[in-house]
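Asker: One structure follows; several queries about it will come next.
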Amino acid sequence: MAQQPTPRESSWNNLFPLATVVIWSGNTLVTKLSSGLIAPASITLYRWGLAFLVLSAFVLPGLWRTRQQWWRQLPQLLVLGLLGMVAYQGLAYQAAISTSATNMGILLALSPLLSALLSSFLAREPLTWGTVLGGAISFFGVIWLMTEGHPALIVHHAFGGGDGLMLLAVLANAMYGVLLRRWTFAMGNWSQLYLQIGCALLVLIPWYLASEPSPLTAQNLPLVLYAGIMASIIAPWLWISGVRAVGASRASLFLNLIPVLVALAATAWLGESLHQHHLVGGAMALLGVWFGQSLRRPLRSQPA
């Protein structure tokens with residue numbers, strides 16, 4: 001029987017998803033700065049292409065020697081690459097063109113609840129009181145943050161085509177986490193990430209060629225470098241480790257911290273003002289994450 005992690009080890013495992021959302025929060029600022037500087041198809045291909053080239057020098061020799069072992073799992077890796085690198089990232093960039101940041105934040109806050117439900121149905125992870133209560137509290141906190149302390153205004157937001165694309169992106173990301181937890185691969189996290197990126201590039205290259213490509217310039221190159229190294233190599237590896245360590249539903253609760261971290265970063269580096277609704281919404285998001293990590297009691301008792 002596998003040895004269960006100690007409480008101290010479990011607490012350290014939470015650093016994986018926490019570090020991931022810090023990097024992804026920075027990538028949200030990069031996405032805002034890249035608006036108008038580079039097309040969605042271009043930055044998506046450039047960032048994952050750069051990540052693939054960097055990882056090739058370290059991962060490719062070992063993968064070639066063990067190709068008979070992972071070749072049979074290539075269809076599963078293709079599904080993960082399509083969900084995590086193409087659907088989620090590509091659709092999010094595309095959705096940002098025709099929807100507001102408020103709507104995107106609200107839809108992104110649905111990810112923990114979607115992940116918990118999908119984990120319950122597909123990965124047989126039992127729903128806990130912490131997952132449900134924490135997800136609900138964090139979701140309301142994000143709504144409070146995005147509506148500037150007036151949650152009733154949510155009924156006045158119109159959801160259009162961009163919102164539909166973002167909803168599909170969030171659903172793809174939730175499914176990615178669940179399948180990543182359910183499937184077992186006979187390889188390390190770096191090798192797994194490398195193969196997922198390679199599979200994703202098979203789809204991203206035709207998308208890039210079918211669109212109007214954006215050339216690399218002195219203005220958008222630093223953004224591509226951050227997205228390609230920090231957000232496409234380090235963050236996915238941390239996320240894979242976090243999902244395997246704490247589960248898809250618990251890891252997804254940390255996604256509710258992204259709007260809070262983005263607001264703090266925008267205040268520090270972009271000169272935006274921090275208001276009371278930022279503090280209240282951020283506190284509720286943090287409280288929801290704490291509930292999700294602390295309350296482990298299943299909603300229904302498991303049969304003996």
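The values are calculated or read from the model by the stated rules, or taken from the named source; none is laboratory data. Nothing here was measured: the structure is a model prediction, and the numbers come from that model. Don't worry about glycine lacking a Cβ; one is built from the backbone with ideal geometry, like all the others, and counts go over all protein chains shown.
Asker: For segment 142-199, enumerate the residues that are touching a helix residue (DSSP H, G or I) at 6+ places or on another chain (Cβ under 9 Å), of a type in the set (Val, Ile, Thr) and at pLDDT below 80.
Answerer: Hits for segment 142-199 are 142, 143, 147, 154.
Asker: For segment 221-241, check the following and say yes or no: at least one residue is under 18 Å from residue 28 (Cβ atoms) and assigned to a loop (DSSP other than H, G, I, E, B).
Answerer: Looking through segment 221-241, none of the residues is under 18 Å from residue 28 (Cβ atoms) and assigned to a loop (DSSP other than H, G, I, E, B).
Asker: List the residue pairs whose Cβ atoms are under 9 Å apart, where the first residue sits in segment 247-270 and is hydroxyl-bearing (Ser, Thr, Tyr), the second is outside any helix (DSSP H, G or I), and the two are 6 or more positions apart or on different chains.
Answerer: Here the result reads 249/123; 249/125; 249/127; 249/128; 267/273; 267/274, each pair linking segment 247-270 to a residue that is outside any helix (DSSP H, G or I).
Yes or no, residue by residue, for (1) in contact with a strand residue (DSSP E or B) (Cβ under 6 Å, 6 or more places away or on another chain); (2) under 16 Å from residue 236 (Cα atoms); (3) at pLDDT below 75:
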{"residue": "36", "(1), (2), (3)": "no, no, no"}
{"residue": "48", "(1), (2), (3)": "no, yes, no"}
{"residue": "55", "(1), (2), (3)": "no, yes, no"}
{"residue": "65", "(1), (2), (3)": "no, no, no"}
{"residue": "102", "(1), (2), (3)": "no, no, yes"}
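Asker: So which residues in segment 54-73 are without any contact (Cβ under 8 Å) to a residue 24 or more places away in the chain and surrounded by 14 or more Cβ atoms within 10 Å (Cβ to Cβ), if there are any at all? It would help to see each step written out before you state the result.
Answerer: As a first pass, look at segment 54-73 and keep what is without any contact (Cβ under 8 Å) to a residue 24 or more places away in the chain: 57, 61, 64-65, 67-68, 71-72.
None; the set is empty.
Asker: Only one of these is under 25 Å from residue 177 (Cα atoms) and of a type in the set (Gly, Ala, Ser): 218, 210, 285, 266. Name it.
Answerer: Criteria check complete, one pass: 285.
Asker: Within segment 188-197, is even one residue in a loop (DSSP other than H, G, I, E, B) and more than 26 Å from residue 108 (Cα to Cα)? Working first, answer last.
Answerer: Here is the first cut: in segment 188-197, the ones in a loop (DSSP other than H, G, I, E, B) are 188.
Retained after the next criterion (residues that are more than 26 Å from residue 108 (Cα to Cα)): 188.
Yes, segment 188-197 contains a residue that is in a loop (DSSP other than H, G, I, E, B) and more than 26 Å from residue 108 (Cα to Cα).
Asker: Taking the options 203, 243, 170, 178, name whichever one is over 16 Å from residue 79 (Cα atoms) and among the β-branched types (Val, Ile, Thr).
Answerer: Result: 243 is the single residue among 203, 243, 170, 178 that is over 16 Å from residue 79 (Cα atoms) and among the β-branched types (Val, Ile, Thr).
Asker: If you take the residues in segment 74-101 that are surrounded by 17 or more Cβ atoms within 10 Å (Cβ to Cβ) and of a type in the set (S, T, N, Q), which one is nearest to residue 145 (Cα to Cα)?
Answerer: Residues of segment 74-101 surrounded by 17 or more Cβ atoms within 10 Å (Cβ to Cβ): 76-78, 80-96, 99.
After this cut, where a residue has to be of a type in the set (S, T, N, Q) as well, the list is 76, 89, 94, 99.
Values: 76: 37, 89: 23, 94: 24, 99: 17 Å.
Checking each candidate, the answer is 99.
Asker: Within segment 216-230, track down each residue that is among the hydrophobic types (A, V, I, L, M, F, W, C), in contact with a helix residue (DSSP H, G or I) (Cβ under 6 Å, 6 or more places away or on another chain) and either surrounded by 22 or more Cβ atoms within 10 Å (Cβ to Cβ) or over 24 Å from residue 187 (Cβ atoms) (or both).
Answerer: If the condition is that a residue be among the hydrophobic types (A, V, I, L, M, F, W, C), in contact with a helix residue (DSSP H, G or I) (Cβ under 6 Å, 6 or more places away or on another chain) and either surrounded by 22 or more Cβ atoms within 10 Å (Cβ to Cβ) or over 24 Å from residue 187 (Cβ atoms) (or both), then 223, 224, 227 are the ones that fit.
Asker: Moving to a separate point now. Report yes if residue 205 is of a type outside the set (Lys, Arg), loosely packed, with under 15 Cβ neighbours inside 10 Å and either closer than 28 Å to residue 178 by Cα or at pLDDT 85 or above (or both), otherwise no.
Answerer: yes
Asker: Residue 200: in a helix (DSSP H, G or I) and under 22 Å from residue 38 (Cα atoms), yes or no?
Answerer: Yes: the conditions hold for residue 200.
Asker: What are the residues in segment 60-94 that are touching a Cys at 6+ places or on another chain (Cβ under 6 Å) and not small (Gly, Ala, Ser), if any?
Answerer: Within segment 60-94, 77, 78 meet the criteria.
Asker: Mind checking which residues of segment 35-52 are under 18 Å from the mean Cα position of the chain (by Cα) and either more than 16 Å from residue 199 (Cβ to Cβ) or not polar (S, T, N, Q) (or both)?
Answerer: 40, 43, 45, 47, 48, 51
Asker: For residue 130, state whether it is at positive phi and either assigned to a helix (DSSP H, G or I) or at pLDDT 75 or above (or both).
Answerer: In short, no.
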